[in-house]
Amino acid sequence: MSPCHIVVVGSINMDLVARMTRLPRPGETVHGQSFQTIPGGKGANQAVAVARLGVRVTLIGRVGEDSFGEALLRSLAGHGVVTEQVLVTPECSSGVALIGVDEAGANSITVVAGANGRLTVQDIESRAEIIQAADALIVQLETPLDTVAAALRIAKDAGVRTILDPAPAPSSPLPPEVMAVDVISPNQTEAELLTGIVVDDLASAERAARRLRELGAREVALKLGHRGAMLCDAEGRVEHVPAMAVDVVDTTAAGDAFTAALTVALVEGCSLSDAVRFGSAAGTLACLTLGAQTAMPSRAELDQFLGR
Ligand code: RIB
């Protein structure tokens, strides 16, 4: 186990996953082929991904007082995530995500926040010491924005590296204090919403990455799905990191695997370029298995994939 410690502040969901030939159009009913409940939630997925890569990780979040909450906590602990700072919220359901996965591995996700929406600034501030002692903090946007801002403020004041995965895509621009992180790791849709630049090829991805730095991020790791990733470092240098082609089973949580592995590589001392390669490989491997936390690669699997 590495001596590093990463703190994740974020959501914890039970994913209700149905496989189908194709996703339904509005008003349409389609037949599904299978159904499974699989632990998910962007924060929890990232915490599990960090743990699977052998780095100590503490998750700060909330589950409901229900059977999903119990199962989610058991699963997190089983993966080695420190769950002492996950609060159980009385008289509240756990977060759930309704996920359809089509035969090409593409998905459609509806999230109901449940207990994730009850995370408070007080919850975060009373755990400031844990964030201050970490090597990095990862946040996403599935808990209230003021909790994200509070966690970032505490980390930045303590000189802790901050990573923002701005997912799900925000419906309005993010405040400057949230954009001002060490690394932002959006996907194409999120980058478009944050910058106003349509990202449909490598040239537009480069423009969007540069714009994200102008908006406050020190460095950018822009996830481009099967096209790989575009990075822009602290000196403004851009680089395209291509992805390896694989037979995709399910893209759910590939972005979470990317952000988690990127952060692990950074706290272990890698350059942004090497960290993006590591993140990209983790995201690719996460596409080979159905589900979110079920798909997070181990360190050995990732090293083997990268030929190390
Ligand atoms: O990023 C994938 C995750 O998004 C799923 O696990 C689902 O819970 C939603 O939060």
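The values are calculated or read from the model by the stated rules, or taken from the named source; none is laboratory data. Keep in mind that what you see is a predicted model, and the values were worked out from it rather than measured. No Cβ is skipped: glycine too gets one built from the backbone with ideal geometry, and neighbour counts run over all protein chains shown.
Taking Thr89 and the conditions (1) surrounded by fewer than 19 Cβ atoms within 10 Å (Cβ to Cβ); (2) away from the ligand (no atom under 14 Å from the Cβ); (3) of a type in the set (Ser, Thr, Tyr), which numbered condition does it fall short on, given that it satisfies the others?
Single failed check for Thr89: (1).
What is the one condition in (1) out of contact with any Pro (no Cβ under 6 Å at 6 or more places or on another chain); (2) among the acidic types (Asp, Glu); (3) within 30 Å of Val96 (Cα to Cα) that Glu190 does not satisfy?
(1)
Which ones in the range 123-146 are loosely packed, with under 15 Cβ neighbours inside 10 Å and of a type in the set (Asp, Glu)?
Glu125, Glu129, Asp146
Please identify the pairs in which a residue from the range 245-256 that is in contact (Cβ under 8 Å) with a residue 40 or more places away in the chain has its Cβ atom under 8 Å from the Cβ atom of a residue that is within 15 Å of the ligand (Cβ to nearest atom) and of a type in the set (Ser, Thr, Tyr), counting only partners at least 6 apart or on another chain.
What qualifies is Val249/Thr289; Asp250/Thr289; Gly255/Ser185.
It is to be established whether one or more residues within the range 150-165 are touching a Lys or Arg at 6+ places or on another chain (Cβ under 7 Å), under 18 Å from Ser11 (Cα atoms) and of a type outside the set (Asp, Glu).
Yes, the range 150-165 has at least one match.
Select from the range 40-68 the residues that are assigned to a helix (DSSP H, G or I), more than 14 Å from the ligand (Cβ to nearest atom) and over 14 Å from the mean Cα position of the chain (by Cα) and list them in ascending order.
Within the range 40-68, Arg52, Ser67 qualify.
Report yes if Ala253 is more than 22 Å from Arg161 (Cα to Cα), within 16 Å of the ligand (Cβ to nearest atom) and either basic (Lys, Arg) or crowded, with 20+ Cβ neighbours inside 10 Å (or both), otherwise no.
Considered against the rule, which asks whether it is more than 22 Å from Arg161 (Cα to Cα), within 16 Å of the ligand (Cβ to nearest atom) and either basic (Lys, Arg) or crowded, with 20+ Cβ neighbours inside 10 Å (or both), Ala253 comes out as yes.
Scan (1) touching a residue at least 60 places away in the same chain (Cβ under 8 Å); (2) crowded, with 24+ Cβ neighbours inside 10 Å; (3) out of contact with any Leu (no Cβ under 8 Å at 6 or more places or on another chain) for the single condition Met20 breaks and write down its number.
(2)
Checking the condition of a type in the set (Ser, Thr, Tyr), surrounded by fewer than 23 Cβ atoms within 10 Å (Cβ to Cβ) and away from the ligand (no atom under 16 Å from the Cβ), which residue from Thr110, Thr120, Thr162 passes?
Thr120
Give just the number: which of (1) under 26 Å from Glu177 (Cβ atoms); (2) at pLDDT below 95 does Arg211 not satisfy?
Failing condition for Arg211: (2).
Does the range 12-32 contain at least one residue that is away from the ligand (no atom under 16 Å from the Cβ), among the polar types (S, T, N, Q) and in contact with a strand residue (DSSP E or B) (Cβ under 7 Å, 6 or more places away or on another chain)?
For the range 12-32, residues away from the ligand (no atom under 16 Å from the Cβ), among the polar types (S, T, N, Q) and in contact with a strand residue (DSSP E or B) (Cβ under 7 Å, 6 or more places away or on another chain): absent.
Given the residues Arg277, Arg299, which is the only one that is among the basic types (Lys, Arg), in contact (Cβ under 8 Å) with a residue 12 or more places away in the chain and within 20 Å of Ser75 (Cα to Cα)?
Every option except Arg299 fails the conditions.
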